[in-house]
Every structure is written in structure tokens, then in C-alpha cells.
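Reviewing the structure listed below.
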Amino acid sequence: MPAKTACSSYFQLPNISRRGFLQAGALGGLGISLPGILRSEALAMGSSIAPKAKSVILLWLQGGVSHHDTFDPKPYAPSNIRGELNTIQTT
């Protein structure tokens with residue numbers, strides 16, 4: 001009687017050979033070590049361009065927010081775009 005598993009295609013997976021396992025492991029090791037190797041080569045060459053920016057302000061607004069929640073409320077737009085409520089004086 002065959003064993004029952006939660007995944008019906010478990011026994012249909014192809015067997016991996018020892019050579020394939022070693023190739024996949026070697027490629028994984030190379031992929032993990034490659035950024036460090038490239039970083040050390042870049043540091044050895046030096047940089048001829050001096051960085052100019054001292055800091056960065058990043059506003060990450062994932063998704064499409066309403067124009068009421070952004071910095072552009074569009075006070076002079078038609079009411080079907082602007083919405084039912086008017087903007088308020090902020091200054």
C-alpha cells in the first residue's frame with residue numbers, strides 16, 4: 001500500500017544527483033560571496049567621483065493615496081475631483 005502524503009506530487013519529483021547537488025551548492029556559495037568580492041575590488045580601485053549629497057529625505061507612499069492625504073489638495077479643482085469638503089486655511 002503506497003504511503004499517503006499531504007502533497008500528491010511528492011513522489012513525482014525528479015531525483016537530484018550528487019553532481020547536481022554539488023553544482024547547486026557551489027552556485028549558491030558563489031552567489032553569497034560575490035557581493036563581498038565585488039565590494040573589495042571596488043574599494044581597491046578607489047573612487048574618482050566625490051559624493052555630493054550629505055543626506056536624503058525619502059517619502060515612501062506605497063499605493064495610490066488620495067489627493068486629500070498628499071501635499072496637493074487641489075483647492076481650485078471642480079467639486080467632482082476635489083470632493084465635497086473644501087480645503088481649510090493652514091497658514
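Here are the numbers:
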| read-out | value |
| --- | --- |
| Full-stretch length increase - LEU27, TRP60 - with 0.36 nm per residue and alpha-carbon distance subtracted | 8.4 nm |
| Label point distance in nm, ALA50-TYR76, each placed 7 Å from Cα along Cα→Cβ | 4.4 |
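A short reminder: the numbers here are calculations on the coordinates, not readings from a lab. This structure is a prediction, so every number in the text was calculated from the model and none was measured. Cβ atoms come from the backbone with ideal geometry, glycine included; neighbour counts cover every protein chain shown.
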